[in-house]
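Contents: one structure, followed by commentary.
The values are calculated or read from the model by the stated rules, or taken from the named source; none is laboratory data. Here the structure is a predicted model, which is why all the values come from computation and not from measurement. No Cβ is skipped: glycine too gets one built from the backbone with ideal geometry, and neighbour counts run over all protein chains shown.
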Amino acid sequence: MLLALDVGNTNIVFGVHDGTQWAHQWRVQTVRERMPDEYGVLFRNFFREADLEMTQISQSILSSVVPQLTQGLAAMVARRTGLRPLIVNSKLHTGIRINTDYPEEVGSDRIADAVAAYARFQSDCVVVDFGTATAFTVVREPGEMIGAVIAAGLSTTADALVGRTAQLPQIEYALPPSVIGRNTIHAMQAGLVTGHLALVEGIVARIKRELGGAQVIATGGLSSVLAPHTDCFDRVDPWLTLDGLRLIAERNPHS
């Protein structure tokens, strides 16, 4: 069985693949101050609830954009499974070519997104990953990542707005009844949620215009919240990054 971990700034997403399908998938909050052994206990508890043991893992892979957690989590996985995880970077054999100015700067999560999206579409495609940042990763035939757009994520924008104002509250990320809010909550939802959708639709339209068309897939924790309110996505898969990690692990079986 494969254990795949995607360590993001907001969430850690991890799952177990049994060779045929994802048997279990989980999403927990990223806490930079949490020690590796604390994460180990957390992982063990999730595994036990799923009637699994970490010693059943035969391969593991780790993507991380939080450097202060990367090595500690890798060591924790190695201790509990007996296997050092493969850590994703731009030099691995991924099945796609990273054709950007500085490939080593590309986030490992975006590499995994690109691998999974191109494997599905086999054509020009865009991955919109809703996380701490909203990242648009662009892949062209024949499997070449050519660049990206990175914008502040919805939650990041909301936190900045609430944190820098005295009277604006935290809100639910939901579409308001009208784009013209008749109270503070609805006005904020219009600006934040409707505004973020407009940002996404506008950037996707511009990318597709530059490419001459492309398939678009949404992923990330907020994809299932936002995607139903726009028609700019061809597919939605909140777990796309894990699937990219699975493919990278398959292409690097002895690393």
**Q.** Residue check for V16: in a strand (DSSP E or B) and either touching a residue at least 12 places away in the same chain (Cβ under 8 Å) or more than 21 Å from the chain's Cα centre (by Cα) (or both)
**A.** yes
Q: Output the number of residues of the range 143-168 satisfying the condition of being surrounded by 15 or more Cβ atoms within 10 Å (Cβ to Cβ), hydrophobic (A, V, I, L, M, F, W, C) and in a loop (DSSP other than H, G, I, E, B).
A: 1
Q: Run down R80, R32 and say which single residue is surrounded by fewer than 18 Cβ atoms within 10 Å (Cβ to Cβ) and either modelled with pLDDT under 95 or more than 30 Å from P142 (Cα to Cα) (or both).
A: R32
Q: Among what's in the range 19-67 and is assigned to a loop (DSSP other than H, G, I, E, B) and in contact with a His (Cβ under 9 Å, 6 or more places away or on another chain), pick the residue that is farthest from L86 (Cα to Cα).
A: A50
Q | Flag for A205 being assigned to a loop (DSSP other than H, G, I, E, B) and either surrounded by fewer than 16 Cβ atoms within 10 Å (Cβ to Cβ) or among the acidic types (D, E) (or both) | A | no
Q: Considering only the range 94-127, state which residues are closer than 16 Å to D6 by Cβ and not in a helix (DSSP H, G or I).
A: T94, V106, G107, V127
Q. Is it true that some residue in the range 2-12 is among the charged types (D, E, K, R) and modelled with pLDDT of 95 or more?
A. yes
Q: Considering only the range 1-24, state which residues are acidic (D, E) and crowded, with 21+ Cβ neighbours inside 10 Å.
A: D6
